[in-house]
1. Give me the log10 of I(q) over I(0) for the chain at q = 0.09, 0.11, 0.12, 0.13 Å⁻¹, as the Debye formula computes it from C-alpha points; what are the numbers?
2. Using helices alone, what [θ] at 222 nm do you get for the chain, with -39,500 (n - 2.57) per DSSP H run of 4 or more residues, divided over all residues and rounded to the nearest 500?
3. Treating the beta-carbon of each Lys and Arg as +1 and of each Asp and Glu as -1, no other charges, what is the dipole magnitude of the chain about its Cα centre, to the nearest 20 debye?
4. P(r) for segment 44-143: what percent of alpha-carbon pairs falls in each 5 Å bin, starting at zero?
5. For segment 355-422, just say rounded, prolate or oblate: build the C-alpha gyration tensor, square-root its eigenvalues into a ≥ b ≥ c, call rounded for a/c under 1.5, and beyond that prolate if a/b exceeds b/c, oblate if not.
6. Identify, among Ser299, Gln208, Asn87, the residue whose Cα sits farthest towards the positive end of the charge dipole of the chain, taking +1 on the Cβ of Lys and Arg and -1 on the Cβ of Asp and Glu, with the dipole about the Cα centre.
7. Highest first, please rank the peptides 430-438, 413-421, 50-58 by the mean number of other Cβ atoms sitting within 10 Å of their residues.
8. Count charges around Ile302 for me, please; just the other residues with Cβ under 11 Å from its Cβ, Lys/Arg as +1, Asp/Glu as -1.
Amino acid sequence: DERLAENGSVRSRLSPIMEMGMLFAECVQHNLKCIAFCKTRKLSELVLTYARNILDQMDSDRGKAIAAYRAGYSAEHRRAIEGSLFNGNLIGVAATNALELGIDVGALDVTLHLGFPGTVSSLWQQAGRAGRREQKALSIYVAFDGALDQYFMKNPEKLFEAPIEHASVDYQNPMLLEQQVACACYEHPLLVEGEVTDVDYFGSTVCQAVLELQKRGLLGRSPDCPGDLRWFYIGGGRKPPAGLVNLRAIDETVWTVLNDVTGEVVEEIEESKAFFQIYEGAVYMQQGKKFLVTAMDMSRRIARVRRADLKYYTSIRRHTDISVTGGHSAYPDRAILPAGDGAGSAIVPYGSSAQLDHARHANRFVGFMKVWHATGQVFDSVDLSLPNVEYDTICTWVRIPDKARALVEQEKREVRAGIHAAAHALLNVLPLYLMCNAQDAGVECVNESETRWRPERLLIYD
């Protein structure tokens, strides 16, 4: 928001991350047990770093009583942090939603929230961490400058009076379904052919999931009874496959972060997230400690790091590319019914231009920026050459009507810039209607240097 200085000029706001660090340090200094919830791993490390710096400047020893808690740490490391918070050795943690559910960390006094977590249910769940056992508690929501956060700042009733969302799970998501089918077959053979089958429970895509699991040597049929159409779990001996399902990450392939001096494993990162955190020249953070990435072994998926005392952090620069691999109507044609024949039917258009189909998403990492911790200012930009990270997904889009283009050009406005802005507006408003946050979806933003033809459309993808 705009805040006027005494001379009438607009004062720029401090970084929300720094504001969060200041509040975190203030709570700890007053011996208030708290959790500072952050939306990403990197944010939790930055908030911890800012808070420790503030406490160190105050000659306080409380900097040792705070830690970060997030996915990526080993199970032993996470259990140690949970135990320290429960028994009082730690006063506060900067955490992602990995600490949101199912973990008892004892009584808390304060919860801090950096940005809207994506759903009202998550916000109340996080805030409910404090004030248990009929104790008084405080929750503080620090907003980012983004559209959705600022919307809630200007219209707080839209947040506090909003109903709790109903969770919806796409049980036919291939990556989820394959893991579920493997676990199910371990407990009971699966039948996908015949008059009475398990397709009723798992959906029509279960057949494809079974074939994929067969290729990986996890499912098979009885060799002693060719007429038996049931599928059995044959992978991993007697070890249940449920133990191999990662509840914190869906990606099975990981990169190992290795301390080049001690040879110790610092952390493991899912491949889909690796290049957002590790690349040659990156500043990697763990528990407020900074490491400089010195080398990347692409074939073995190992990033070598060494401890470094740096006053800056790094941020990746990337371009995204969406290639739609088909085109089907997202909604069937719907005739306009006479008024009174259906609720609201008179305003339903005949058909829809909306499309829904499979797509191929590619991340192209082009460089990174160096950012001063103290000011948040970018002081250097470095080019990178990394392999693209690609995956299959689902997207939906609507073409921009010719009439809309004509109106924009008539006003002498940039059509592509308008589409870009509208796409981000769509992305920001999505959590108001779906149980997700802005990081769960993406929009097509055509790169300024793009020379190939692109359809003018609003496209959003998972």
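Any read-out appearing in this document is the output of simple, stated calculations on the displayed coordinates, not a laboratory observation. Computed from a predicted model, the values in this text were never measured in an experiment. As a convention, Cβ positions derive from the backbone with ideal geometry for all residues, glycine included, and neighbour counts pool all protein chains shown.
1. The Cα Debye sum returns log10 ratios of -0.79, -1.16, -1.33, -1.48.
2. Taking each H run of at least 4 residues, the total per residue is -8000 deg cm²/dmol.
3. On the way: 50 positive and 59 negative charges, 232 e Å.
About 1120 debye.
4. It works out to 2, 12, 21, 25, 22, 13, 4, 1, in whole percents.
5. It comes out oblate by the Cα gyration axes.
6. So the residue furthest toward the plus end is Asn87.
7. Highest to lowest by the protection proxy: 50-58, 430-438, 413-421.
8. On the way: positive: Arg300, Arg301, Arg304; negative: Asp260, Glu268, Asp297.
Result for the local shell: 0.
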